[in-house]
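This report refers to the structure that appears directly beneath it.
The values are calculated or read from the model by the stated rules, or taken from the named source; none is laboratory data. Predicted model, so just to flag it, every value in this text is computed and none were measured. Backbone-built Cβ (ideal geometry, glycine too); neighbour counts: all protein chains shown.
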Amino acid sequence: MSPSWREPLPSPTEMAAWDRSAIEDFGIPGRVLMENAAREALAALAESHGPLEGKTALVLAGPGNNGGDAFALARLLDGMGASVSVLHTRPRKQYRGETRANLLLAARLGLSLELAAPGQALPEADIVVDGLLGTGFSGALKSAMLHLVREVNRLGRRAFVFSLDIPSGLDGLDGTPRPEAVRAHATVTFQAAKTGLLQPGAGEWTGRLLVRDIGIPRQAREAAPPRQWLLAPGVLDLLPRTEPAMHKGAAGRVLILGGSEGLTGAPLLASLGALRGGAGLVTLGCPAGLADAARAGFPEVMALPLGRGRTWDQDLAAALDPGRFDALVLGPGLGRSDGAGRFVQALLRRRLPPLVLDADALFFLARDAETASLVPPGSVLTPHPGEAATLLGSGTAEVQADRPAAARELARRFRAVALLKGAGSLVAAPEGDLHLCPISAPCLAAGGSGDVLAGLLGSLLGRGLSPLRSTCLAVYWHGSGGRMLDSLYPARGCLAREIADILPQVHKERPC
């Protein structure tokens, strides 16, 4: 594993397998893991809330191991001088294993333990610990548990709500409430964040998310690596180092192919994204009659006029020498004319450098199966949800309902790296591994933002990074730039070219 640029993001099932391996393969008692979790939870609660001595704490313990963590934490809170009361959701005699052991220990220490009654109104407290349901919860909340979730949220108007592993009611896989969930001020999750905790919108329920190591051996984790990863700030270190004696030809030669009547701005923005991403030479190729408009007076962008007219056709592909370039970005502003479709198909029959298929190029892959079959293995596709739906023959709502599955299917079907854009952008490899970018920036929701990203990605491919690492770095870098713009334009209003302009500043400031 390479933890410097990505962190494991296991599903609840994968996390449960790590737990079992730690216990069965390496002999770590489950009670030790539970004690570790409770101690880390106590530290996380103190960090997020502040001093605990003298505070009243209501601890809610559910039926499973999450309840065991709650019983253990209640004991530690009592030891810190808090006034603790515990409500559990099943009779004492029904608890088993480590959870029962911690329940009995809490009782032996004289803590207040009470079985929650149906419809009970919960008492006020300074701190409410939510240990009702863990990441294994699925389906929908039953009426008794739904009542408790609503009671916790009522208390949360005044109390500090702290969830163990995941807010109860939140699906650990997709991060959606079923149908409601605890609204925590802070959530501590153990060993690694789970997939549902970092999905777009999950922060509304988790509050501040704290990840704490509970001692699952590295060997157990590496023996069963997850299929989903979280991009970390270290991904920015994948950018190739600049050498004092480097020349422009060694920094990557990128060709941007796009532009049509009324859409000449898109390939220019892609060109600016490539230049700001560090490419040494960027060439914009388009029909000759559009070349001056496409460059729009930017002398840094070289023009490659194709043919003599203002429209695309297959003959323009024959006039190209793709071998002159280190990377190619196809699609920004290309248009959807039949001639453009013939150009895309003719171009894909050529031997090409590392390729980014963006915007209108994706339209032709979806429209024509023969064109789709020509996509070179190892290319990168960059659809937004609507384009992904067209490529998959589904609806946008269906794509958004299960973004990981959509991204993986695109990567599998086209034997390419698939970047499914949007809040919580996903990068899928053909082998099935998925990478989540945790950055969402409102300033990036603007026309031309995706063109800049495509050009940035082309610049990284042109500098020799693999398609997967280029895409992971590009989406995190682009998102970090958007976050910096959010601080400059808190009410939005930035221009797409300003997204390109701020890219070099990201590596200077290194936001985390």
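See the values below:
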{"read-out": "Qualifying residue in the range 154-167 (condition: acidic (Asp, Glu) and out of contact with any helix residue (DSSP H, G or I) (no Cβ under 9 Å at 6 or more places or on another chain))", "value": "no"}
{"read-out": "Condition met for Leu115 (surrounded by fewer than 24 Cβ atoms within 10 Å (Cβ to Cβ), more than 18 Å from Arg31 (Cβ to Cβ), modelled with pLDDT of 95 or more and touching an Asp or Glu at 6+ places or on another chain (Cβ under 7 Å))", "value": "no"}
{"read-out": "Conditions (1) assigned by TED's automatic domain parsing to the domain that holds Pro29; (2) farther than 24 Å from Asp19 by Cβ; (3) in contact (Cβ under 8 Å) with a residue 12 or more places away in the chain; number of the one not met by Pro226", "value": "(2)"}
{"read-out": "Those residues of the range 78-98 which are without any contact (Cβ under 8 Å) to a residue 40 or more places away in the chain, surrounded by 15 or more Cβ atoms within 10 Å (Cβ to Cβ) and part of a helix (DSSP H, G or I), in sequence order", "value": "Asp78"}
{"read-out": "Matching option when the condition is more than 20 Å from Gly265 (Cα to Cα), within 26 Å of the chain's Cα centre (by Cα) and part of a loop (DSSP other than H, G, I, E, B), among Gly386, Gly378", "value": "Gly378"}
{"read-out": "Subset of the range 294-325 that is within 36 Å of the chain's Cα centre (by Cα) and either closer than 19 Å to Ala361 by Cβ or hydroxyl-bearing (Ser, Thr, Tyr) (or both) - its residue that is modelled with the lowest pLDDT", "value": "Ala294"}
{"read-out": "Among residues of the range 121-134, those that are within 20 Å of Phe190 (Cβ to Cβ) and touching a strand residue (DSSP E or B) at 6+ places or on another chain (Cβ under 8 Å), counted", "value": "7"}
{"read-out": "Matching option when the condition is surrounded by 21 or more Cβ atoms within 10 Å (Cβ to Cβ), in contact with a Pro (Cβ under 7 Å, 6 or more places away or on another chain), in contact (Cβ under 8 Å) with a residue 24 or more places away in the chain and closer than 15 Å to Gln228 by Cβ, among Leu420, Leu426", "value": "Leu420"}
{"read-out": "Lone unmet requirement of (1) within 21 Å of Leu460 (Cβ to Cβ); (2) modelled with pLDDT under 95 for Leu355", "value": "(2)"}
{"read-out": "Filter pass, Leu76 being hydrophobic (A, V, I, L, M, F, W, C), under 34 Å from the mean Cα position of the chain (by Cα) and under 28 Å from Ala17 (Cα atoms)", "value": "no"}
{"read-out": "From the options Leu495, Leu468, residue that is under 24 Å from Leu436 (Cβ atoms), touching a residue at least 12 places away in the same chain (Cβ under 8 Å) and in the same structural domain as Ala429 (by TED's automatic domain parsing)", "value": "Leu468"}
{"read-out": "Subset of the range 203-238 [crowded, with 20+ Cβ neighbours inside 10 Å and in a loop (DSSP other than H, G, I, E, B)]", "value": "Gly207, Ile214, Ile216, Pro226"}
{"read-out": "Of all residues making up the range 28-55, the number that are loosely packed, with under 14 Cβ neighbours inside 10 Å, of a type outside the set (Asp, Glu) and either in contact with a Pro (Cβ under 6 Å, 6 or more places away or on another chain) or farther than 17 Å from Ala184 by Cβ (or both)", "value": "3"}
{"read-out": "Enumeration of residues in the range 137-158 that are crowded, with 17+ Cβ neighbours inside 10 Å and outside any helix (DSSP H, G or I)", "value": "Phe137, Leu141, Gly156"}
{"read-out": "Residue in the range 260-282 that is touching a Cys at 6+ places or on another chain (Cβ under 6 Å), part of a helix (DSSP H, G or I) and in the same structural domain as Leu495 (by TED's automatic domain parsing) present", "value": "no"}
{"read-out": "Hits in the range 9-18 - residues which are surrounded by 19 or more Cβ atoms within 10 Å (Cβ to Cβ) and more than 13 Å from Thr189 (Cα to Cα)", "value": "Glu14, Trp18"}
{"read-out": "Selected residue [small (Gly, Ala, Ser) and either under 23 Å from Asp126 (Cα atoms) or in contact with a Lys or Arg (Cβ under 6 Å, 6 or more places away or on another chain) (or both)] from Ser4, Ser21, Ser48", "value": "Ser48"}
{"read-out": "Residue in the range 171-193 that is more than 25 Å from the chain's Cα centre (by Cα), farther than 27 Å from Asp402 by Cβ and surrounded by fewer than 24 Cβ atoms within 10 Å (Cβ to Cβ) present", "value": "no"}
{"read-out": "The range 111-138 residues that are in the same structural domain as Arg157 (by TED's automatic domain parsing), paired with ones that are β-branched (Val, Ile, Thr) and surrounded by fewer than 16 Cβ atoms within 10 Å (Cβ to Cβ) (beta carbon under 7 Å, 6 or more apart)", "value": "Ala125/Thr56; Asp126/Thr56"}
{"read-out": "Counted residues, the range 377-413 - those being under 21 Å from Ala327 (Cα atoms) and surrounded by 17 or more Cβ atoms within 10 Å (Cβ to Cβ)", "value": "6"}
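A quick yes/no check of all residues on (1) part of a strand (DSSP E or B); (2) free of Cβ contacts under 8 Å to residues at least 40 places away in the same chain; (3) among the small types (Gly, Ala, Ser):
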position	(1), (2), (3)
Thr13	no, yes, no
Arg20	no, yes, no
Val32	no, no, no
Glu40	no, no, no
Leu45	no, no, no
Glu53	no, yes, no
Ala57	yes, no, yes
Leu60	yes, no, no
Asn66	no, no, no
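Listed here are the residues, each with its yes/no results for (1) in contact with a strand residue (DSSP E or B) (Cβ under 6 Å, 6 or more places away or on another chain); (2) of a type in the set (A, V, I, L, M, F, W, C); (3) not assigned by TED's automatic domain parsing to the domain that holds Phe162.
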residue	(1), (2), (3)
Ser11	no, no, no
Ala16	no, yes, no
Asp25	no, no, no
Asp69	yes, no, no
Asp78	yes, no, no
His88	yes, no, no
Leu104	no, yes, no
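Residue by residue, here is whether (1) touching a strand residue (DSSP E or B) at 6+ places or on another chain (Cβ under 7 Å); (2) among the β-branched types (Val, Ile, Thr); (3) within 21 Å of Leu239 (Cα to Cα) holds:
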| residue | (1), (2), (3) |
| --- | --- |
| Arg408 | yes, no, no |
| Leu426 | yes, no, yes |
| Leu434 | yes, no, yes |
| Ala441 | no, no, no |
| Gly448 | no, no, no |
| Leu460 | no, no, yes |
| Leu465 | no, no, yes |
| Leu468 | yes, no, yes |
| Gly482 | no, no, yes |
